[in-house]
Amino acid sequence: MLRTRIFLNLIPFILILVGVAVYVLYLFGRLANTVDQTIAANYHSDAATVEMMLAVERMDAALDRSRKEDKNSAQLMFDTNRRIFADKLQWHFTNAAPVARISGVFQIQTNFIELRNLARDMFATNLTRAEMDAKYNDSIFLTDNLKRSLTAVREEIRENIFATGQKIQQINRTTTSLLILGLVIALLISTYASIKLTKAILDPIRILTNAAREIGQGNLDQTVPVLSQDELGELAMTFNRMAGQLNTYRRSTTEQIIRLHRTMEAALASFSDPVFIVDRLGRVELSNRAA
């Protein structure tokens, strides 16, 4: 049927539009998941790094206090912040961090272990003030290294956030390019399908129109090709049947007129007197031999 042919020609266009829409939805879904995961991971990483930096500051203050005040309260303060630092350090190791950040975290762990061992010595009761001062000076070097390493980790977190923004822009550009490409392909296919469909519909109609014009001019020996099995094909077959019936009717009518004319001529010839048959304008159309 004609409607089926029209629908079949539109199927590629519809499929391309659906495919582009599905892929765009997939890209945006993946983009949303990536953004959510990246933002959450970087936020927790930055928060953990800030807590580690604060813990380093408090551990340094505890070591400084151990030289001047009660070692027990200083050790309690150090141990509390040491546990906080260790927990956040472990979080960095388990947080699927990039390789570059992992190497920095290993350096932080090395300095932290050295600082922890140094603090154990400082909290010993058999150290002199001079030994305490010397070890505290060593601890300053370690805490400074920890601060620099943690600052570097925070900088890398910011770079990851910036890289995420660039990735989002890249996905947006890819999505836009795919949309444009899909629309161009769909437009080309729809144009081709429209031309093909227009030709398939208009050509039979044009042939039928020309044949009808010829019949109107008296040429009843016209037939049109049946190019399909749809409504247009049925119309062509109906037209051919009509033309055939008209041609048959014309031949039978012509034969009847010829017979009637011969009969009239024979009847007129039988009269001895002149006989004339005229039209409305008085012109002689038929006469017998006596005339």
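The values are calculated or read from the model by the stated rules, or taken from the named source; none is laboratory data. Every value quoted in this text rests on a predicted model; they were computed, and no experiment measured them. FYI the Cβ positions are ideal-geometry reconstructions off the backbone, even for glycines, and counts take in every protein chain you see.
Among the residues making up region 137-176, those that are under 21 Å from the mean Cα position of the chain (by Cα) and either under 25 Å from Leu63 (Cα atoms) or of a type in the set (Lys, Arg) (or both) are Lys167, Arg173.
Considering every residue within region 120-136, establish whether at least one is of a type in the set (S, T, N, Q), in contact (Cβ under 8 Å) with a residue 24 or more places away in the chain and exposed (fewer than 13 other Cβ atoms within 10 Å of the Cβ). Scanning region 120-136, I find at least one residue that is of a type in the set (S, T, N, Q), in contact (Cβ under 8 Å) with a residue 24 or more places away in the chain and exposed (fewer than 13 other Cβ atoms within 10 Å of the Cβ), so the answer is yes. Of the residues making up region 160-177, those that are loosely packed, with under 14 Cβ neighbours inside 10 Å and charged (D, E, K, R) number 1. Any residue at all in region 77-94 that is part of a helix (DSSP H, G or I) and farther than 21 Å from Lys147 by Cα? The answer is no; no qualifying residue exists. Of the listed requirements (1) farther than 30 Å from Leu17 by Cα; (2) surrounded by 15 or more Cβ atoms within 10 Å (Cβ to Cβ); (3) modelled with pLDDT of 75 or more, Met237 misses just one: (2). Go through (1) assigned to a loop (DSSP other than H, G, I, E, B); (2) at pLDDT below 70; (3) more than 27 Å from Leu15 (Cα to Cα) for Ala266 and report which single condition fails. The one condition Ala266 does not meet is (1). Taking every residue in region 235-253 that is in contact (Cβ under 8 Å) with a residue 60 or more places away in the chain and within 20 Å of Ile205 (Cα to Cα) and pairing it with any residue that is surrounded by 11 or more Cβ atoms within 10 Å (Cβ to Cβ) and of a type in the set (Ser, Thr, Tyr), at least 6 positions away or on another chain, yields no pair with a Cβ-Cβ distance below 9 Å. Does Asn111 fit the bill of being part of a helix (DSSP H, G or I), of a type in the set (S, T, N, Q) and within 15 Å of Phe85 (Cβ to Cβ)? Here the answer is yes, as Asn111 does meet what is asked.
Mind checking whether some residue in region 187-204 is among the small types (Gly, Ala, Ser), closer than 30 Å to Arg67 by Cα and in a helix (DSSP H, G or I)? There is no residue in region 187-204 that is among the small types (Gly, Ala, Ser), closer than 30 Å to Arg67 by Cα and in a helix (DSSP H, G or I).
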